[in-house]
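Read the structure below first, then the notes.
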Number of protein chains: 2
Amino acid sequence: MPKVETFNRNTVLQKATEVFHKKGYNGTSMQDLVDATDLNRSSIYNSFGSKLNMFLEVLSHYQSIYGNSFSQKLAQSYNATEAIEAIFDLYIHEIINDNDRKGCLVINCKSEMTNQEPLIKSFMEKNQDRMIAMLEDIVTKGQMEKIFNQNQTAGQYALYLFSSIQGLRMTGILNKNENDLRNLTRTVLKVLY
Amino acid sequence: MPKVETFNRNTVLQKATEVFHKKGYNGTSMQDLVDATDLNRSSIYNSFGSKLNMFLEVLSHYQSIYGNSFSQKLAQSYNATEAIEAIFDLYIHEIINDNDRKGCLVINCKSEMTNQEPLIKSFMEKNQDRMIAMLEDIVTKGQMEKIFNQNQTAGQYALYLFSSIQGLRMTGILNKNENDLRNLTRTVLKVLY
DNA sequence: CTTATAGTGAAATGATCGTTTCAAAAATAA
DNA sequence: TTATTTTTGAAACGATCATTTCACTATAAG
């Protein structure tokens with residue numbers, strides 16, 4: 001039987017995520033990844049195949065961590081208002097704690113690679129579908145509870161919220177004033193009520 | 001007296017803009033620029049100094065073209081409603097005509113380089129100030145004309161609109177459905193009335 | 001304890017990176 | 001025409017790129 005993988009795959013992915021997040025895909029070299037993960041070059045290729053493949057795993061890793069945060073917040077919410085506010089609140093915290101102004105790994109990658117790498121494009125399409133589905137769920141519940149209006153369909157509001165989140169995340173790269181961001185969020189959500 | 005520059009600087013900048021826009025800064029090589037501009041390597045360094053410096057000129061070039069479009073649209077507007085709708089309309093057209101899904105050069109660069117290059121960071125800060133000032137102007141006029149409400153200050157609405165534009169531009173990378181985008185815009189602007 | 005299997009380390013692969021060098025060519029002023 | 005100035009073209013710079021190679025080592029089943 002073979003010698004078994006000695007490193008912790010999640011720890012390695014976490015380290016790789018940090019590098020890619022800080023420098024972007026094209027700005028990250030294999031040497032950067034070797035240094036960050038403390039893995040040997042050949043071990044990386046052995047375990048992840050290629051730089052692009054490792055990056056795709058990093059994206060999924062990052063996405064699943066976000067997904068867990070979402071699930072946790074949503075489980076704690078009593079109604080649609082709390083749910084949607086919890087989501088935006090989560091992003092505001094991400095922004096404020098992002099001391100390096102790295103922005104969101106997924107959004108950065110979307111703008112860097114969607115038009116260049118088919119695998120990235122399809123990841124982004126799935127990511128968008130997933131996000132919009134989650135937001136549509138919340139809006140639908142809010143409309144059934146008569147908390148949100150029905151001026152637009154849940155799907156339309158979901159796209160609007162998805163777009164607003166991306167805007168918030170981009171704005172937060174340079175503006176990390178909590179009052180500004182909270183006010184911005186309030187303005188975004190006002191149209192729902 | 002010296003031999004004079006034979007190439008048209010604006011044409012060269014336009015060609016360089018296309019490459020940087022398509023591939024991003026880190027994804028663009030000097031060879032790409034040599035190929036695209038039909039200039040010799042040494043001529044590029046002679047005229048632009050470095051890759052980063054050329055990119056900064058490209059950014060300004062791109063920004064000034066956008067600025068001219070804005071000025072033109074604003075000059076044709078009779079009131080604040082027309083003005084703000086013209087701005088968003090301009091972005092929707094940009095999105096729909098962006099067949100390569102490249103997104104916005106400035107936004108792409110913001111997410112790729114703001115945390116890595118101080119010169120880019122300061123460009124982005126000025127860009128943000130300029131955009132918000134323009135939007136604040138429109139909102140102020142709209143509020144004076146009693147077309148827009150005063151629930152938020154013009155500055156707060158300007159940040160909201162700036163954020164919404166970035167979101168729209170990011171959303172438009174994958175969603176180029178005109179109905180969706182127009183509806184999204186309508187939802188964004190509704191809060192002003 | 002052998003043997004099969006796979007992770008590891010270090011070096012090397014050829015290609016490409018951004019930038020520099022320098023002689024030749026071109027253009028104007030004297 | 002000659003002197004001066006600057007753009008060119010082509011080659012070369014060392015560094016770094018993503019990836020491969022392969023001998024070596026560690027593991028666990030037989």
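Against the criterion of being out of contact with any strand residue (DSSP E or B) (no Cβ under 8 Å at 6 or more places or on another chain) and either away from DNA strand D (no atom under 16 Å from the Cβ) or closer than 29 Å to B:GLU136 by Cα (or both), B:LEU33 does not qualify.
Annotation for the stretch A:168-190: at least one member residue is closer than 28 Å to A:GLU125 by Cβ, more than 7 Å from chain B (Cβ to nearest Cβ), open to solvent by less than 50 Å² (accessible area, probe 1.4 Å) and polar (S, T, N, Q). Only residues that are more than 10 Å from every other protein chain (Cβ to nearest Cβ), open to solvent by 20 Å² or more (accessible area, probe 1.4 Å) and not hydroxyl-bearing (Ser, Thr, Tyr) were counted in the stretch B:106-122, giving 3.
Only residues that are open to solvent by less than 20 Å² (accessible area, probe 1.4 Å) and more than 7 Å from every other protein chain (Cβ to nearest Cβ): list them for the stretch A:153-164, please. If the condition is that a residue be open to solvent by less than 20 Å² (accessible area, probe 1.4 Å) and more than 7 Å from every other protein chain (Cβ to nearest Cβ), then A:ALA154, A:TYR157, A:ALA158, A:LEU161 are the ones that fit. The residue that is nearest to the other protein chains (Cβ to nearest Cβ), among those in the stretch A:137-152 that are open to solvent by less than 90 Å² (accessible area, probe 1.4 Å) and not in a helix (DSSP H, G or I), is A:GLN152. For the stretch B:94-103, a tally of residues being open to solvent by 10 Å² or more (accessible area, probe 1.4 Å) and within 18 Å of B:VAL19 (Cβ to Cβ) returns 5. For the stretch A:5-17, a residue qualifies if it is assigned to a loop (DSSP other than H, G, I, E, B) and open to solvent by 80 Å² or more (accessible area, probe 1.4 Å), and the qualifying residues are A:GLU5, A:THR6, A:ASN8. Checking B:VAL12, B:VAL58, B:VAL19, B:VAL34 one by one, the residue that is without any contact (Cβ under 8 Å) to a residue 12 or more places away in the chain and within 16 Å of DNA strand C (Cβ to nearest atom) is B:VAL34 and no other.
Give the residues of the stretch B:4-28 that are charged (D, E, K, R) and more than 13 Å from chain A (Cβ to nearest Cβ), sorted by residue number.
We begin by selecting, within the stretch B:4-28, every residue charged (D, E, K, R); these are B:5, B:9, B:15, B:18, B:22-23.
B:GLU5, B:ARG9, B:LYS15 - these are the residues of the stretch B:4-28 that are charged (D, E, K, R) and more than 13 Å from chain A (Cβ to nearest Cβ).
Residues in the stretch B:106-119 that are closer than 13 Å to B:LEU52 by Cβ, in a helix (DSSP H, G or I) and touching a residue at least 40 places away in the same chain (Cβ under 8 Å): B:CYS109, B:GLU112, B:MET113, B:LEU119. Just so you know, in the stretch A:42-65 the residues that are over 18 Å from A:CYS104 (Cβ atoms) and of a type in the set (S, T, N, Q) include one that is most open to solvent (accessible area, probe 1.4 Å), and it is A:ASN46. For the stretch A:151-163, a residue qualifies if it is among the hydroxyl-bearing types (Ser, Thr, Tyr) and over 14 Å from the mean Cα position of the chain (by Cα), and the qualifying residues are A:THR153, A:TYR157, A:TYR160. Across the stretch A:72-86, not a single residue is classified as within 14 Å of chain B (Cβ to nearest Cβ) and either more than 20 Å from A:HIS21 (Cα to Cα) or out of contact with any Lys or Arg (no Cβ under 7 Å at 6 or more places or on another chain) (or both).
Please give the number of the condition B:ILE96 fails out of (1) within 12 Å of DNA strand C (Cβ to nearest atom); (2) at pLDDT 95 or above. Of everything listed in (1) within 12 Å of DNA strand C (Cβ to nearest atom); (2) at pLDDT 95 or above, B:ILE96 misses just condition (1). Annotation note: of B:SER122, B:SER164, the sole residue that is out of contact with any Asp or Glu (no Cβ under 8 Å at 6 or more places or on another chain), hydroxyl-bearing (Ser, Thr, Tyr), closer than 30 Å to A:PRO118 by Cβ and at pLDDT 95 or above is B:SER164. Checked against (1) within 12 Å of chain A (Cβ to nearest Cβ); (2) under 26 Å from A:LYS102 (Cα atoms), B:ASN53 passes all but a single condition, namely (1).
Report whether or not B:ASN79 is farther than 30 Å from B:ASP137 by Cβ and open to solvent by 30 Å² or more (accessible area, probe 1.4 Å).
Considered against the rule, which asks whether it is farther than 30 Å from B:ASP137 by Cβ and open to solvent by 30 Å² or more (accessible area, probe 1.4 Å), B:ASN79 comes out as no.
Suppose we filter A:TYR78, A:TYR91, A:TYR66, A:TYR25 for residues that are modelled with pLDDT of 95 or more, of a type in the set (Ser, Thr, Tyr) and more than 16 Å from DNA strand C (Cβ to nearest atom); which single one remains? Sole residue among the options that is modelled with pLDDT of 95 or more, of a type in the set (Ser, Thr, Tyr) and more than 16 Å from DNA strand C (Cβ to nearest atom): A:TYR91. For A:ARG130, the conditions (1) under 22 Å from B:THR114 (Cα atoms); (2) in contact with a Gly (Cβ under 9 Å, 6 or more places away or on another chain) are fulfilled apart from (1).
The values are calculated or read from the model by the stated rules, or taken from the named source; none is laboratory data. Since we're looking at a predicted model, the values are computed, not measured. For neighbour counting, all protein chains shown are included, and Cβ atoms are generated from backbone atoms with ideal geometry for every residue, glycine included. SASA here: full protein model, heavy atoms, side chains in, ligands and nucleic acids out. Shrake-Rupley method; radii C 1.70, N 1.55, O 1.52, S 1.80 Å.
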